[in-house]
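Presented below is the structure to which this report refers.
The values are calculated or read from the model by the stated rules, or taken from the named source; none is laboratory data. Since the structure is predicted, the reported quantities are computational estimates derived from the model, not experimental observations. All Cβ positions, glycine included, derive from the backbone under ideal geometry; neighbour counts span all protein chains shown.
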Amino acid sequence: MVYLHSNILTDVTDILLDIDGVLLDLSFDKKFWEELVPQEVSSIKNIPIDEAMRDVLGASKALYGTLPWYELSYWEQKYGVNLIDVARENSMYAKFLPGAEATLKKISASNKRIIFLTNCDSRLLKVKANQVPFMQYADEWLSAVDIGIVKEEQDFWKSAFNKFNIIPENSIFVDDNIAVVNSALKAGIKKSINVTMPSGDLSVQNQSEAKLSFKNIEELFRAI
Ligand SMILES: [Mg+2]
């Protein structure tokens with residue numbers, strides 16, 4: 001961990017936050033993509049679950065970090081499945097990360113603008129938002145899938161900065177994906193922070209190579 005000024009929000013006007021793995025527990029996405037989607041594919045295609053798992057995992061690895069990987073419709077068309085129904089039926093697994101809601105309340109009281117920037121498909125995001133009350137903390141939000149450019153690409157940042165009049169020098173950005181943190185850094189957000197504990201049950205943990213990394217937003221914003 002690198003020591004930041006005790007008030008990390010000095011000179012910051014905008015707090016930019018990823019959603020999954022930063023606010024919401026990544027265990028939902030892990031379950032959705034690694035268990036529920038292969039189960040659905042197995043049942044619709046009438047193939048063994050092992051085969052469906054191998055197929056989804058293989059396709060997923062090939063597309064990791066690109067737009068289709070995040071697009072629900074890509075997977076729905078590829079396998080002829082309805083993934084929104086699957087997400088709705090299992091939405092009870094979506095939840096806040098430990099300490100995330102209290103931290104959101106705290107930063108909401110700081111009079112900074114809060115903007116959620118996510119690669120999550122907005123269709124899936126709506127299912128999560130119906131289950132977990134997190135959208136009420138956002139002044140603005142943007143899904144990369146809606147504009148067709150993911151956070152890994154520099155054009156995403158150009159779009160987001162223009163859309164919301166964001167000044168990168170006056171912003172802080174938090175994400176659990178190191179490739180996205182590096183992309184935000186390159187776009188000019190010096191306070192781009194990687195969180196290393198995106199799931200409450202520790203089923204996912206990152207070994208961060210970022211200059212600025214914290215376990216979670218609770219630890220990051222503890223001093224404010
Ligand atoms: Mg994330």
Enumeration of residues in the stretch 169-183 that are crowded, with 19+ Cβ neighbours inside 10 Å and either farther than 18 Å from residue 64 by Cα or away from the ligand (no atom under 14 Å from the Cβ) (or both): 171, 172, 173, 174
Selected residue (only one of 78, 45 is without any contact (Cβ under 8 Å) to a residue 40 or more places away in the chain, over 29 Å from residue 171 (Cβ atoms) and in contact with a Phe, Trp or Tyr (Cβ under 9 Å, 6 or more places away or on another chain)): 45
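Conditions (1) within 16 Å of the ligand (Cβ to nearest atom); (2) part of a helix (DSSP H, G or I), marked per residue:
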| site | (1), (2) |
| --- | --- |
| 15 | yes, no |
| 22 | yes, no |
| 29 | yes, yes |
| 34 | yes, yes |
| 37 | no, yes |
| 41 | no, yes |
| 50 | no, yes |
| 53 | no, yes |
| 57 | no, yes |
Identity of the residue in the stretch 193-202, in a loop (DSSP other than H, G, I, E, B) and under 16 Å from the mean Cα position of the chain (by Cα), that ends up modelled with the lowest pLDDT: 200
Residue in the stretch 184-199 that is nearest to residue 110 (Cα to Cα), counting only those that are of a type outside the set (S, T, N, Q) and within 14 Å of the ligand (Cβ to nearest atom): 193
The listed residue being touching a Pro at 6+ places or on another chain (Cβ under 9 Å) and closer than 25 Å to residue 191 by Cα, out of 26, 17: 26
Search result, residues across the stretch 184-223 that are among the hydrophobic types (A, V, I, L, M, F, W, C) and exposed (fewer than 15 other Cβ atoms within 10 Å of the Cβ): 202, 223
